[in-house]
Structures are given as structure tokens and as C-alpha cells.
1. Which of the peptides 86-92, 316-322, 35-41, 228-234 is most tightly packed, and how do the rest follow, going by the mean number of other Cβ atoms within 10 Å of each residue?
2. In region 195-229, which residues have a backbone nitrogen under 11 Å from the label point lying 7 Å from Arg169's Cα in the Cα-to-Cβ direction?
3. Let me know the Rg and Dmax you get for region 53-208 when you use only its Cα atoms, in Å.
4. Could you calculate the contour length gain from Ala254 to Asp101, that is, 0.36 nm times the residue separation minus the distance between their Cα atoms, to one decimal place in nm?
5. Multiply the residue gap between Asn273 and Leu370 by 0.36 nm, knock off their C-alpha separation, and tell me the result in nm, one decimal place.
6. Using only the Cα atoms of the chain, what semi-axes does the equivalent ellipsoid have when each is the square root of 5 times a gyration tensor eigenvalue? Give whole Å, largest first.
7. Scaled to the compact-protein estimate 2.2 N^0.38 Å, what is the alpha-carbon radius of gyration of region 71-150, rounded to two decimal places?
8. Working from the alpha-carbon coordinates of region 1-138, get Rg over Rh, Rh being the Kirkwood radius.
Amino acid sequence: MTLGSDGVRRYDHLMIDAILSRASEGGRITADEAVLLYESAPLEDLGAAADAVARRLHGDEVTYNVNAHLNPTNICVVGCGLCAFAVWTDHDPRAYAYSVDQLVDRAQELSDLGITELHIVGGMTKEYTLGYYEDLFRELKAALPEVFLTALTAVEIDFVAKLERISAREALERTMAVGHDTMPGGGAEVFSPRVRRIIADRKVGADVWLDIHRDAHEMGLKTNATLLFGHFETPAEKVDHMVQLRDLQDHALANEHPGRFQAFIPLPFLPGNTEFSYLPGPSREEKLRTIALSRLVLDNFPHIKGHWVMLGEEVTSEALSYGLDDLSGTLTEERIAHATTVQTPLGLTHERIRELVTAGGRAPVERDSLYARVAREPVSA
Ligand code: SF4
């Protein structure tokens, strides 16, 4: 680092090049180095290093799955400022609440689209108990035994466990006994307590989220992790979030836990219809920088997944050269991101996802929820 005659600190490009070179070869970078890269590395150089990592791990392949969302209710007592999806009570005209039977019927209709996964997350209210989810998973597995259930964020596990006055580990034992296959990565937001106080002050803290994922890994459940970025967080807070995830993955790998993180999913904040609708949301450059940085910091995560609904199709395609190697699925029935003013369609067809990947110069590969290849001719979904 040098101090210019104008008093501004300037980092040596040789230093940045050396960090990028180490990271692109799979070497570990420190939190300080990651902040330096985020703030000062040329975007194209950051992207090229992340692309080198993604290609070393996955070649030209970009995976995706064919899935649908079931969001049992939008009534939620947590009331996060960041949320455009939830309503406080069933008196709100926008409120909805599905029974187990209604969701099983809908899942059976959706199965005609060739889905391999149901992604089940929703609002938290005392009617949606652990028993409700046990019934739901049991019924879904009876009706659609081949379909994976990616369900219940750590925040939801904590909520249903507290309703039942049991530990999160006991709640997971019960859901896993009736077909809970993998856990999504939602609810992580940004681990910084400062930022959580602004955007989600009643949501459980990072320590609870991390503890439940640690439990899940020990118990054999594969999970994902998200970062909601582009609102109030600083680059250092963004990096700290990634480093805490990297540390937890190190723990799972060092202890040979049967579960671990499969994918990191950087989610750009969509301010529309939230308490923070005055914010602009992250720029294209912020999205690409965050994706590329995550590929370099999370050297022990197999996949960096693009949630195309929130990134937009254009940035998703571009980001395939900035470290993305995996896409969220066809997402039929997605309601949560679509409660904002997002412009992306409600679900992409199987063919459109493949076109998106091909347009980004990569080879599309369908996978299941555990990243095994799915061999079939492309179908409309
Ligand atoms: S973000 Fe999740 S926990 Fe927060 S209000 Fe929305 S549904 Fe509830």
C-alpha cells in the first residue's frame, strides 16, 4: 500500500494480482485480502479469477434443477423490514394459509411438470407447527416418493422447535424421520448484528442460524447458505459473513460430518414493497463483484448458485463468467421474490434455463437436490 501525495491510500496492483493469482489456484485468502479485492480489484480481473476457480472445479458445466416452490402461508409474526412477502395477520386481505391436503394436491399437479424437488418455505405463525410439517412431509413423500423435499430454513426450524419447547436438533430429528431431504439457506441475511438490527430486528441472530446448520451437518443433512446483499452492509460485513460460513464448512469437513454446505447463494436485495423501498438495490457491478468474491473466499464450497429470479436473466447469464456454476431451478410458483417488484417471470421453462446457460457460453446439466445428474430429455417445466 502506498500513500499518494493527495493523502489517498493506493494499493499496489502487484499485491492485488498476487492475491488473485493465489485465489484462482485455490489458495485461501484472508478477510482483509477479500475486502481489498472487493474494493480495489478491477472488476474484470476479479471475474477472471473467480471464473478460473469455477472452471477448475466444474469445467464448462453449469447445473440446475427442475423444481417448484410451495409456500404454505404468508402470515408471519416475525415482521422483518426486508420482507415484501409476509403479512402480519389473517385479517390482512393478502393473507393466505394452505392446509396439508391443499399443498399435497398442488404438488401432485406440479409433478406433471417433471419436477425433482419441492422447495418449501413460508411464514411463521403458531398454526404452522412442527406437527403440520411432519404431516406435510409424510403426505408428500407418500404421494411423490421420488421428489426431494428441500424445506424449512434454520429460522423456521428454530421457530417450530420453540413452539414445541424442544431443541432444534430434536426438531430436525423429527422432520428428517419423515422425509426432510435438504435444508435451504434462507434466513442468513447478513450475519452482522448491526445490519440485522436494521433489516430484520426480530429474526434470530447469526449464532442460532449457524448452530442449526452445524447440527444439520452433524446429523447428515446437506444445506445451503445465502447472503442478502446490497442494502446497508459494508464490504467488511459482507466478507465477514462469507468467512463465518467458510469456518463452519471447515468444521464440517474436518470432523467428517455427513452433511455440509452444498451451495452459497448470493441474493441481491430487492427493495420493492419492503420498508426500504427508497433504496436503489445493488447495481450490476455490485452483483458481479459479490458473486466473484464469494467464489474466491468460499474455497471449500462446491457451488456458487445464482438465484436468477432476483439477479435477473441478463446478470445471471453474465455472472456465469464471474464464478457461478449452478442455477436455482425452474422455480414454478415462486412467491417470495415475486412479492417485490421483480420483473422476472414466475418460473422459467426447462428450455429457457438451458438457453440462458448456453448463451453464457456454458454447458447446462440437470441435477437433483444432491447434485447427482438427472438423465432425461429436456421437458417443458
Ligand atoms: S423474511 Fe421470513 S421471517 Fe421475516 S417476515 Fe418475511 S417470512 Fe417472516
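Readers should treat all values here as calculations from the given coordinates under stated rules, not as data from a laboratory. What you are looking at is a predicted structure, and each value in this text was computed from that prediction instead of being measured. Reconstructed Cβ throughout: ideal geometry from the backbone, glycine too, with neighbour counts over all protein chains shown.
1. Answer by packing, highest mean first, reads 316-322, 228-234, 35-41, 86-92.
2. Within reach of a label on Arg169: 215-216, 218-219.
3. Considering region 53-208 through its Cα atoms, Rg and Dmax are 16.7, 53 Å.
4. Contour length minus Cα-Cα distance gives 50.8 nm.
5. Difference between extended and current length: 31.5 nm.
6. Semi-axes, largest first: 33, 23, 20 Å.
7. 1.16
8. Reported Rg/Rh, Kirkwood definition of Rh: 1.22.
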